[in-house]
Structure formats: C-alpha cells, structure tokens
Amino acid sequence: MLLLAAAPLAAQRGTVTGVVRDETGALLEATEVRIVGTNLRALTNESGRFLIPGVPSGRHTIEASRLGYHTARLQVEVGEGTTTVDFELRYTALALDELVVTGQGSEISRRRLSTNVEVISSTAIESAPVSRLDQLLQAQLPTAQVRMTSGQPGATSLIRARGPVSVSRSSTPVIYVDGVRVDNLNTRAELSLSVSGPAHQGTQTSAIADIPLENIERIEYIPGGAATTLYGSDAANGVIQIFTKKGVPGQAQFTVETELGIENVDSKYFFFPRTAELLYRNGRTQTYRLAGNGGTEDMTWSFSGSVQDRAGYRIGNNASRTYQARTGLTANIAPRLRYDASFAFGWNHYERTRDGNAGGYTPLWLLEGGRIFALGFSNNLNEMSAEELERLRAFLKRAEELQDYRIQVARFQMSHAMRWQPREDLSFRALVGIDSRNSNERGIVTNEFLVHTGAAAPGTDDRGTIDSYDRRFLGLTLEAAGQHQWNRGSLSVVTNVGAQLFRDQDEQAARIARNVRDGAETVRGAGQTEADDFFLTVVNYGAYIQQNWGFFDRYFIEVGLRADGNSAFGDQVGFQFYPKAGLVYDLGAEPFYRDGPLSRWIGAIRLRANYGVAGNFPAPFANDRTIAFASYLGQQSAAFGQPGNPDLGPEKTATVELGTDLEALDGRLSLRATWYDARTRDALFPVPLAPSLGQGTQLRNVGEIQNRGMELAVSADLIRRRNLGVRFTASLNTLHNEVVDDGGSPIFSIGGFSSSTIETVVEKGKPVGYLRGSKAILNPDGTLNRVETLQYIGKPLPDRFGTLGLDVTVGPRLRFNASADWQTGAQLHSFNRQFRYLYGLDDPKLPRPLLELDRTSNWLNLTSLFVEDTDYLIVRNVSVSYTLPEHLTTGFAKGIEIGLAAHKPFGWWKSSFDPESDHSGARTQGGASVGGFNYASDPAPRMFLFNLRARF
C-alpha cells in the first residue's frame, strides 16, 4: 500500500515559466534557463519568456545565463501546475560564467580559460543592417580588422587580426558553421571571371559573401595562438564559429519582417564630385523575412528565410538578389541522447562592372584617372560644359547597360550531431556535415559594347567574347569528441578528447569563346572556343587532447596537444604536433582580496598567460613534383613543372600571450588587456634552385615572420538605471609586423603591378607586403632632386586599429546602437592620382615645379608622392528600434517593432580617396594579400533602412 501511494507522488511534475529582463527592464531573448542537476532547459523567446515543462516536484535551483550577463540563480519550490519565476540579469563585459566552445572541443566556462573568445550575440546580429558575414564582423570584433575591398556585390574582403603570419597563404580565418568547416575562399579562384584584366587586378569574388546569415544564435571568434591550437594545421589566422538557433520549447511563434531602404555613394570619396553624379544613383533595396520557432520538451525547431533584392547603386548594373533559408532542430531521442541538426540553402545573383586594371572602358579610371579624353571628352569634369556633361552622361549610361558580367552561387550546408550523456559528468559528441558551393561566373562582351566604347570600329561583328567559369566545392567534416568533468572538493578537472577529419574538393572549369555574334548566351556557335579545367583536393586528419585543472575555482592550468596529418605535406613529413599550455589566476576570487579595501573599487582581477602553436598547411599539391604539358604545333610538349618538395610541411605559428581582465565599480567598468608575440618559424618562401636545374624556385619552410602587439578592450556603463542604460565600448590594438628571416630567398612580390610601377613585396627586416616603387627626393623649393628606384615607400598594414561602440536603452522598448572602427599608420597608393598627373590634370598635393615637368617621362619617377596615409574613423552601423506597447497590438500580433538603421552613414579619413577601396587581389587562389592600391574601385555604399518586425 505504501508503494502504491508513493507512485503518484513520484510522478508529479510541473511547469516552470517566467520572464528574463536586464537591469533597465529590457526583455532578454536567447537567455538559457535550466534546472540545475537535470537536463531540463529552455531559451527565452523574443518576449523574454521561457517555458520548461516536465519538472519533477520539489525544491530546485534554477539558473539563468546569457552572453554578456552575470548568471543568476534562484531556489524555487516546484509543484503540480505552473510555477512562475522571473529573473533580472546584471550586465558584465567579462562574462566569466559564459560557456564557449570554439577552441575547446566542448563547452567550458570562460572563467577557466587563459585565452580570449569574442562572442557576437543574436541581438547584435539582428540589429546590424548588413547581409554578409564579413560586413557583420566589422566593428563587432574588438581585436580584428575587416575591410571591404570593393562596393561591388559579392566582392572579397581583407580580414586580419594579429597581422599576416604567412606570405604564401591568405589571412582569412577558418570558418565553421555548427561544427562544419566551410569554404572560406576570400581570393580569386584559379579559374574565375576577371572584370579587371588578365591579371585579376581588381574586384574578385568571395565565398564568405554567400554564407547564409539566417537563424544565427551567436558567433564566436578567436584570433590565434593557444586558443586555436586544437584546430591544428588550419588555424594560424584564427577561427570563426557560427552557432545557429535550434528553437525554444513552447507554443510556436512566428516573426514577419520587412526592410526597405536605399543605398548610395558618398561623393567625398571622389576627386571630381561629378563622378558620383554620372556613375551612381539611389538604389532601392528591399528584404523580406519569415522566421519561426517552437517545440516540446523532447523536440524543438527553428527556421528563418529571406529574400533580398538590391537594384544597385551604379547606373545600369550592379544589382543583386539573394534567397536564404536555414532551419535547425533538436530532438531527445532517448533520456540521455540528443540529436542536433541544421540545414541551410542560399542562392545569390550578383552583377559586376569593369574596374581596377581592366583598361579600355573602365569607368572610374576614365573619370577619376583622367583617361576620358581618349574617348573625345574633356578630362576635367569640373570645367565641363552642361552640353558636354549630358553627352558624357548618355555615353556612360549606355556603356553601363551594355556590360554583362554576372555571378551566380548556389550553396547548401548541413550539420548532424549526436550528443550522448551517460552520466552528468561525462558526455560524447559525434558530428558529420557538408558544405556544397556551386558557382558560375560569366562575362559577355558584345560587339555593340566594343563599338560604343571605341574599342572596335563601327560595323565590327566578329570581336564578341564569352567567358564562363564553373566552380564546384564540396567540403566534408567528421568529428568525434568526448568530455569528462571530475570534481573532488577544491579540485576540478575538465578533460576533452577528440578526432577530426575534413576533406575539401574543388573542381573548376572554363569555357571561353571568341568571335561571338551579338545576342549569343552560350559558347556554342562561336568562331573559336577553348576550355580549361582545374582540380584540387586536400584531406586533413587529426586528434587532440586537452585538460583544464581548477583549484579552489581561482587557479587554473590548461594543457593540450593536437596531432595532424595532411595530404599537402611532403612524403617525408609525418604527423605534425601543436602543443598549448596556459595559466589563470583569479585574484579577485581570493578571500583576502574580497575582504580587502581594493575590492570595493575593482571587483574582479584575472591574470592569464599561455603559449600555443597553430598551423597553416601548404597549398594542395605544392609538395608534388610535376611535368607541365602544353600544345605546340598541334602536338604535345613537355617541360619542367613545379619541383615539389618531399620535406614540405605546415607553417607553424607559436604565440606567447600575457593578459589581465579587470572589472570595477560594481561591474560598470571592465578592461581586458593582452600582450602577444606570434612567430611563424616555418614560413613558406620561394627559394631559387640552381640554374643548372632549369626549374626556378622551390617552396620551402625557411622563413620567419614576427607579429607582436597589444590588445585593449574597455566597456563602461556610463548610466545604469531602471529605465535608462548607456554603455560605451572601445578597443585599441597595436601591431608590429616584420619578416625576421627570409631563409636565403631573394626579395619577391606578392601583389601589385610591376617592378617599374609599384608592388607589394617581401623582404627581410621589413613588414610583409610593403609598398615598393620609385621614391622621389625633392629639394626645399619643390623641384625634383633625384629618384631612387625599388624603395620602401609605405605599408598597407596599420600600426594601430580598433573599434568604438555605443548602446543606449530607454525603458524596455527603445534602443539605440552605434558602432565604428578606426585605424592609423597604414598607407595606400592611388593610381587614380598618378594617372591624373600623367594626363595633364593638376594635383593640389604636389608642388608647382613638379606640375611643370614633362609628365610622360616622369610620372613613374614620382610614385612615392602618390602614396597617402589612410588613417580613418568610419561609423559602420547606426540603428534605433522601438517596440510598440502591447495594448496597441493586441488582437493581431504579439508584438511589433519598428526601426531605422544606417550602414556606413559617415566618417572621417585622411587620404584624398576612400581608404578602404583597395585592389587587394591575391595572385593565386588562396594566396597572400595585404592590399595597398586604390585604383578604379567602387567604394562600399551607404545604406539607409526602415524595418518593421511583427511577432505572432
């Protein structure tokens, strides 16, 4: 009888629900609320509300945690029915209780880490008026710099944090989406469309531009060093990991969003204000989005999809259209077995226009470079008559309409993960995922276009061309990992072990047609056709182990090791090892400190130090010795290909970090400071072979590159009241970059044009990719004294860079946000200025005697005088949003939010041109690039948007 009576009591369960707010009363979305000691948990929805069903009756500790806030815990008695629990979370910039994953194998508290992990929350993601990942990261990452190199849709960007660690590989971080490694190519593909001449000296297409941004919960970023060791041979540039939403238990909720606006160009970027009037316009942009989430205790789901249409801010072309969708789900298959999955699809269409070093009809070169005189117009736009201006306007409009360059990309990503937790202290995870990206880049040059732009005589009908390039990328990721947590009194140990494999396959094909009739869309029927193809594959496999030891919850030691094999390594190179070690001392947790007078002002002090090694594997097949075949007189000919290198290994970057984290004035002020010294001692340099071998250079691990600097980040709550909060953030990063050893390699170029004009080169004792060209030495009266050729004349890498941010909340409904970034100490070269000088236009920055020289014979002697400092402070995003009171929306919506936003609305810069429009293209696929050249490139547009979001 007693057993029968006890059974119903044991089965009694209840539901816990409530709302989570911050100190100002604002509702907090994406807050995790969990029942401590169980697997029961939930995330708050857009209304800050959570629901946890099936909670056993009795007394429980309920914990609420969110990125950037102190964790809150409450003791609650749960009975049958519904128990309501509300939380108020206090902001903290240090967020030591926050759980992070990137670089750790599995979730672990930030308190235990000797490295920094930057986190971008879903709130920050949704408030940013941008449509691509690298734009989102601008001004959001205090320790990294992201620059859009062109305003054309889908163009590449420059992403770098602690300076370039390689002279052979791109500085773009590796990117993961829900644990799956994705295509991060941020340079030209081997076979790809060029709108800037055969050397691809202009806008190139980025694989980062089409990563779907829908349904993202948070983004984690680590800049390198010990934090990236567990990623082995692929992580010296840092790691970006995207985590997507999986849904919230409870009633299904849906969100409908509309965003309308315009984009245009800032005329201050141009020498001639009329350039903006002639080439640019107010382009319409519109985005429509539908999202939803919901679920039960055993399964949750979430989805988001959008369509975006941009008419383009250039006349006649430059439009883009994007379709994106992402869904995620979580299912409890068994009491301790959970399945997580996410699926994403994106389709993108971009239009392009000629730029950079394309020659012929390149509109910005014609107008800003003064070349328009070759087409029968005055090249001084300021003095042009109204009649000639209208004639030029009509000419440009038709020329832009006749251009037909476009890129189309279809992308599919999926991730499947199983998590098994047999005990509270032990968990295992297995993951499989793919990233499939298929693109076609096509350019059609018609006879009509060539005739209109003066490149062909009237009546020409046999000069049309079609260039079409296909790229199919397929990436596979497999991973298995386990975590064990052991606690005995004051000692705690977290152990992570795992193994990972990824395989990338890249297939490319080119179809090129000459003597094409106007109106043709395919190469069939052309007078002449040719084809080319390219294949690349790489496999990386490795295993890792890491332990984190904690003593009294204030002394922490972490050690780890990763071992990697890679198909790009030479035959004589076996597994490569990447160690890490770190120390953390939480001085603020010491009893003697908490009881001391200083704790009243500085509540938290952490000291940390670490050492770690991460790598960059060589370009696939660079280790192989090859023979180059070609066609000669209708027969095959053979010649030496690449010499290969059986000893070719990865570049290894060893980083030492020392840092501290402070929180003062009851959490109102925080400071994070890190000093780092990163050295790549196995840098890949081209080394000349003996002339008798007839084989040029061989890639070898002989170089050494150093990057060192400071990273400072400050957050201050200027006002923290119940209905008003004002928060200011700022960061300062310093960078010293130097090639310490060239291993006997001669000076070589990684970008630019030619030794007689200007290049970015690599030389011992200088920064990677410094600007080299002719240096003009002037007399005091401004006359030319002498010219020194092949000289250091500047560097594209900044000495200092950072971010600024302001966040204001007024009550629970009104929010204002602004972000900016800045740099000092970098230079770019302006070929637009140099061409204006050549073509007879006055340059206000040059002394009068130089304007009287014979310009044809001297224009390349004065290259150094066209290099300018590119210090800038640019406001990236400004937004304001207001949530309507509930009584105004009752009956047709659960909530309505309206907002206004602007992207890149204004800024200040020192140069006479856009300091970010930068012909920065790498010469090879995945190759190194630091930028350095402003040359006929479109500046990124300004955007002004209105947003309406309704929840149902």
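Out of the residues in segment 448-468 that are part of a strand (DSSP E or B) and in contact (Cβ under 8 Å) with a residue 60 or more places away in the chain, state the one that is surrounded by the fewest Cβ atoms within 10 Å (Cβ to Cβ).
Among residues in segment 448-468 that are part of a strand (DSSP E or B) and in contact (Cβ under 8 Å) with a residue 60 or more places away in the chain, the one surrounded by the fewest Cβ atoms within 10 Å (Cβ to Cβ) is ASP467.
Which of the residues that make up segment 714-735 are open to solvent by 20 Å² or more (accessible area, probe 1.4 Å), touching a residue at least 60 places away in the same chain (Cβ under 8 Å), in a strand (DSSP E or B) and not hydroxyl-bearing (Ser, Thr, Tyr)?
ARG720, ARG721, LEU724, VAL726, ARG727, PHE728, ALA730, LEU732
Within the bounds of segment 496-503, is there any residue that is in a strand (DSSP E or B), assigned by the TED database to the domain that holds VAL451, more than 22 Å from PRO579 (Cα to Cα) and under 29 Å from the mean Cα position of the chain (by Cα)?
The initial filter retains those residues of segment 496-503 that are in a strand (DSSP E or B), namely 496-503.
After this cut, where a residue has to be assigned by the TED database to the domain that holds VAL451 as well, the list is 496-503.
After this cut, where a residue has to be more than 22 Å from PRO579 (Cα to Cα) as well, the list is 503.
Still in the list and also under 29 Å from the mean Cα position of the chain (by Cα): 503.
The answer is yes; a qualifying residue exists.
Rundown of residues vs (1) of a type in the set (Phe, Trp, Tyr); (2) more than 25 Å from ALA155 (Cα to Cα); (3) crowded, with 16+ Cβ neighbours inside 10 Å, yes/no style:
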residue	(1), (2), (3)
TYR280	yes, no, yes
GLY294	no, yes, yes
GLN308	no, no, yes
GLY312	no, no, yes
ASN317	no, no, yes
ALA325	no, no, yes
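Tell me which strands (runs of 3 or more DSSP E) are completely within segment 605-694 and hold 3 or more residues being closer than 28 Å to GLY550 by Cβ, or say none if there are none.
Details: elements: 627-632, 635-640, 651-664, 669-688.
The strands (runs of 3 or more DSSP E) meeting that bar are 651-664, 669-688.
I need a count of the residues in segment 798-813 that are part of a loop (DSSP other than H, G, I, E, B) and at pLDDT 95 or above. Spell out the reasoning first.
First, pick out the residues of segment 798-813 that are part of a loop (DSSP other than H, G, I, E, B): 798-799, 811-813.
Restricting the remaining residues to those that are at pLDDT 95 or above gives 798-799.
Result for segment 798-813: 2.
If only one of GLY525, GLY596 is loosely packed, with under 15 Cβ neighbours inside 10 Å, in the same structural domain as GLU651 (by the TED database), without any contact (Cβ under 8 Å) to a residue 40 or more places away in the chain and farther than 30 Å from ARG672 by Cα, which one is it?
Only one candidate passes the filter, namely GLY525.
Residues of segment 335-372 being touching a residue at least 24 places away in the same chain (Cβ under 8 Å), open to solvent by less than 20 Å² (accessible area, probe 1.4 Å) and outside any loop (DSSP other than H, G, I, E, B), which ones?
Of everything in segment 335-372, those that are touching a residue at least 24 places away in the same chain (Cβ under 8 Å), open to solvent by less than 20 Å² (accessible area, probe 1.4 Å) and outside any loop (DSSP other than H, G, I, E, B) turn out to be ALA341, SER342, ALA344, GLY346, ASN348, TYR350, ARG352, PRO363, LEU364, LEU367, GLU368.
When the residues of segment 796-825 are filtered to those that are without any contact (Cβ under 8 Å) to a residue 60 or more places away in the chain and farther than 30 Å from THR123 by Cβ, which remaining residue is most open to solvent (accessible area, probe 1.4 Å)?
Going residue by residue through segment 796-825, those that are without any contact (Cβ under 8 Å) to a residue 60 or more places away in the chain are 822, 824-825.
This time we only want the ones that are farther than 30 Å from THR123 by Cβ, so: 824-825.
Details: THR824: 33, GLY825: 15 Å².
Among them, the one singled out is THR824.
Would you check if GLU763 is open to solvent by 40 Å² or more (accessible area, probe 1.4 Å), within 32 Å of the chain's Cα centre (by Cα) and modelled with pLDDT of 95 or more?
Working: open to solvent by 40 Å² or more (accessible area, probe 1.4 Å): yes; within 32 Å of the chain's Cα centre (by Cα): yes; modelled with pLDDT of 95 or more: yes.
Against the criterion (open to solvent by 40 Å² or more (accessible area, probe 1.4 Å), within 32 Å of the chain's Cα centre (by Cα) and modelled with pLDDT of 95 or more), GLU763 qualifies.
Based on what the data block shows, is ASP677 of a type outside the set (Val, Ile, Thr), open to solvent by 50 Å² or more (accessible area, probe 1.4 Å) and either in contact with a Cys (Cβ under 7 Å, 6 or more places away or on another chain) or in the same structural domain as TYR555 (by the TED database) (or both)?
Details: of a type outside the set (Val, Ile, Thr): yes; open to solvent by 50 Å² or more (accessible area, probe 1.4 Å): no; either in contact with a Cys (Cβ under 7 Å, 6 or more places away or on another chain) or in the same structural domain as TYR555 (by the TED database) (or both): yes.
So ASP677 fails the test.
How many residues, within segment 178-188, are of a type in the set (A, V, I, L, M, F, W, C) and open to solvent by 10 Å² or more (accessible area, probe 1.4 Å)? Give the derivation first.
Step one: filter segment 178-188 for residues of a type in the set (A, V, I, L, M, F, W, C), giving 180, 182, 185.
From what is left, the residues that are open to solvent by 10 Å² or more (accessible area, probe 1.4 Å) are 185.
Qualifying residue count for the region: 1.
Going through ILE219, ILE240 one at a time, which residue ends up being under 27 Å from TRP675 (Cβ atoms), buried (at least 24 other Cβ atoms within 10 Å of the Cβ) and touching a Pro at 6+ places or on another chain (Cβ under 8 Å)?
Working: ILE219 fails: touching a Pro at 6+ places or on another chain (Cβ under 8 Å).
Only one candidate qualifies: ILE240.
Pull out all pairs, ordered by first then second residue, where Cβ-Cβ is under 6 Å, the residues are six or more apart or on different chains, the first lies in segment 220-244 and is touching a residue at least 12 places away in the same chain (Cβ under 8 Å), and the second is open to solvent by less than 10 Å² (accessible area, probe 1.4 Å) and part of a helix (DSSP H, G or I).
ILE222/THR228; ALA235/THR228; VAL239/THR228
What is the residue count in segment 571-593 for residues that are surrounded by 17 or more Cβ atoms within 10 Å (Cβ to Cβ) and either of a type in the set (Gly, Ala, Ser) or free of Cβ contacts under 8 Å to residues at least 12 places away in the same chain (or both)?
Number of matching residues: 3.
Any residue in segment 553-561 that is open to solvent by 10 Å² or more (accessible area, probe 1.4 Å), assigned to a strand (DSSP E or B), among the aliphatic types (A, V, I, L, M) and more than 30 Å from ASP586 (Cα to Cα)?
No, there is no match, as no residue in segment 553-561 is open to solvent by 10 Å² or more (accessible area, probe 1.4 Å), assigned to a strand (DSSP E or B), among the aliphatic types (A, V, I, L, M) and more than 30 Å from ASP586 (Cα to Cα).
Taking interchain pairs and intrachain pairs at least six residues apart, which have beta carbon atoms under 7 angstrom, with the first residue in segment 201-214 and over 23 Å from ASP918 (Cα atoms) and part of a loop (DSSP other than H, G, I, E, B) and the second of a type in the set (A, V, I, L, M, F, W, C) and open to solvent by 10 Å² or more (accessible area, probe 1.4 Å)?
Filtered contacts from segment 201-214: GLU214/ALA325.
Output the number of residues of segment 684-713 satisfying the condition of being buried (at least 17 other Cβ atoms within 10 Å of the Cβ) and closer than 30 Å to ASN623 by Cβ.
15
Output yes when any residue across segment 469-479 is of a type outside the set (Val, Ile, Thr), open to solvent by less than 30 Å² (accessible area, probe 1.4 Å) and more than 29 Å from the chain's Cα centre (by Cα), and no when none is.
no
Give the residues of segment 373-392 that are out of contact with any helix residue (DSSP H, G or I) (no Cβ under 9 Å at 6 or more places or on another chain), over 20 Å from GLY360 (Cβ atoms) and part of a helix (DSSP H, G or I), sorted by residue number.
GLU383, ALA386, GLU387, GLU388, GLU390
Of all residues in segment 171-208, how many are out of contact with any Leu (no Cβ under 8 Å at 6 or more places or on another chain) and among the small types (Gly, Ala, Ser)?
Result for segment 171-208: 7.
Listed here are the residues, each with its yes/no results for (1) open to solvent by less than 10 Å² (accessible area, probe 1.4 Å); (2) touching a residue at least 24 places away in the same chain (Cβ under 8 Å); (3) in a loop (DSSP other than H, G, I, E, B).
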{"site": "LEU141", "(1), (2), (3)": "yes, yes, yes"}
{"site": "PRO153", "(1), (2), (3)": "no, yes, yes"}
{"site": "LEU158", "(1), (2), (3)": "no, yes, no"}
{"site": "ARG162", "(1), (2), (3)": "no, yes, yes"}
{"site": "SER168", "(1), (2), (3)": "no, yes, yes"}
{"site": "SER171", "(1), (2), (3)": "no, yes, yes"}
{"site": "TYR176", "(1), (2), (3)": "yes, yes, no"}
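Just one of the numbered conditions (1) under 38 Å from the mean Cα position of the chain (by Cα); (2) without any contact (Cβ under 8 Å) to a residue 40 or more places away in the chain is not true of GLY433; which one?
Unmet for GLY433, out of (1) under 38 Å from the mean Cα position of the chain (by Cα); (2) without any contact (Cβ under 8 Å) to a residue 40 or more places away in the chain: (2).
Enumerate the pairs (first residue in segment 302-322 and without any contact (Cβ under 8 Å) to a residue 24 or more places away in the chain; second residue anywhere and open to solvent by 30 Å² or more (accessible area, probe 1.4 Å) and assigned to a strand (DSSP E or B)) with beta-carbon separation below 6 Å, excluding pairs fewer than 6 apart on the same chain, so at least 6 apart or on different chains.
Filtered contacts from segment 302-322: VAL307/TYR288; VAL307/TYR323.
Right, THR258: open to solvent by less than 20 Å² (accessible area, probe 1.4 Å) and touching a strand residue (DSSP E or B) at 6+ places or on another chain (Cβ under 7 Å) or not?
Against the criterion (open to solvent by less than 20 Å² (accessible area, probe 1.4 Å) and touching a strand residue (DSSP E or B) at 6+ places or on another chain (Cβ under 7 Å)), THR258 does not qualify.
The values are calculated or read from the model by the stated rules, or taken from the named source; none is laboratory data. All values derive from a computational prediction rather than experimental measurement. Note that each Cβ is placed from the backbone with ideal geometry, even for glycine, and that neighbours are counted across all protein chains shown. We work out accessible area using only protein heavy atoms, side chains counted, and drop any ligands, DNA or RNA first. Shrake-Rupley method; radii C 1.70, N 1.55, O 1.52, S 1.80 Å.
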